[in-house]
């Protein structure tokens, strides 16, 4: 089965293939070096829109699951009185963590941030959509990230969001009281529509998915010379 690779508009490495009729199995194994802790800078300011990089501007716009143009009142109540920047995004993350209940089976592929806010329940992708929407309504670029989180139980694809502050991206995870490191990033996008694990253009049924994320010894990440020194 021939596979080709390309980079999409969000900088993600994508693989494209034609699946033959019948059953198939995909197995992927990787050793990934990732940060033990997420970066935090409570003084990181909001950037002037005129100074944002061109590729960041798209993360200010409303998108399918993040109607940021409709949540200004909520964003104002949560964070508008705080200094523009990290403090606002952290207040948004904290508000979601405290006010939205995490519960499986309460959302589906059509649920957007407005519906999650109305119901008050959701899962990690819904938490991220709310965070992204509220940030964008305050003119802070925000994007969705999907991947795997070490020690997450049960292990599954996880979603969080990043905000662009002080010239760089910062990680925020509204499902946790304190965001942990050990994140294996699979993709970035405006919302869940951009970061599906598989996008199929014909009938496809996933019958089983199993994921392991284990910590490995640091010498497995080193080159031969480093490992023997």
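The values are calculated or read from the model by the stated rules, or taken from the named source; none is laboratory data. Just so it is clear, the model here is predicted, and its values are computed rather than measured. No Cβ is skipped: glycine too gets one built from the backbone with ideal geometry, and neighbour counts run over all protein chains shown.
Hey, could you check the stretch 115-164 for residues that are part of a helix (DSSP H, G or I) and free of Cβ contacts under 8 Å to residues at least 12 places away in the same chain and say which is surrounded by the fewest Cβ atoms within 10 Å (Cβ to Cβ)? Within the stretch 115-164, the match that is surrounded by the fewest Cβ atoms within 10 Å (Cβ to Cβ) is 118. Within the stretch 11-39, the set of residues being surrounded by 12 or more Cβ atoms within 10 Å (Cβ to Cβ) and under 17 Å from the mean Cα position of the chain (by Cα) comprises 12, 14, 34, 38, 39. Residues in the stretch 202-215 include at least one that is assigned to a loop (DSSP other than H, G, I, E, B), modelled with pLDDT of 85 or more and out of contact with any helix residue (DSSP H, G or I) (no Cβ under 8 Å at 6 or more places or on another chain). For the stretch 99-114, filtering for residues that are farther than 13 Å from residue 131 by Cβ and in a helix (DSSP H, G or I) leaves 1. Among residues of the stretch 167-187 being in contact with a helix residue (DSSP H, G or I) (Cβ under 8 Å, 6 or more places away or on another chain) and part of a strand (DSSP E or B), the one that is farthest from residue 133 (Cα to Cα) is 187. Residues in the stretch 24-51 that are assigned to a loop (DSSP other than H, G, I, E, B), touching a residue at least 12 places away in the same chain (Cβ under 8 Å) and farther than 30 Å from residue 216 by Cα: 42, 43, 44, 46, 47.
Do we find a residue being under 25 Å from residue 186 (Cα atoms), touching a strand residue (DSSP E or B) at 6+ places or on another chain (Cβ under 8 Å) and surrounded by fewer than 10 Cβ atoms within 10 Å (Cβ to Cβ) anywhere in the stretch 99-106? Talk me through it step by step, then tell me what you get.
Narrowing the stretch 99-106 to residues under 25 Å from residue 186 (Cα atoms): 102-106.
Next cut, touching a strand residue (DSSP E or B) at 6+ places or on another chain (Cβ under 8 Å) only: 102-103, 106.
If we keep only those that are surrounded by fewer than 10 Cβ atoms within 10 Å (Cβ to Cβ) as well, we get none.
No, there is no match, as no residue in the stretch 99-106 is under 25 Å from residue 186 (Cα atoms), touching a strand residue (DSSP E or B) at 6+ places or on another chain (Cβ under 8 Å) and surrounded by fewer than 10 Cβ atoms within 10 Å (Cβ to Cβ).
Among the residues of the stretch 68-82, the ones that are touching a residue at least 12 places away in the same chain (Cβ under 8 Å), assigned to a loop (DSSP other than H, G, I, E, B) and surrounded by fewer than 17 Cβ atoms within 10 Å (Cβ to Cβ) come to 1 in all. Among the residues of the stretch 188-207, those identified as within 14 Å of residue 124 (Cβ to Cβ) and surrounded by 16 or more Cβ atoms within 10 Å (Cβ to Cβ) are 191, 192, 195.
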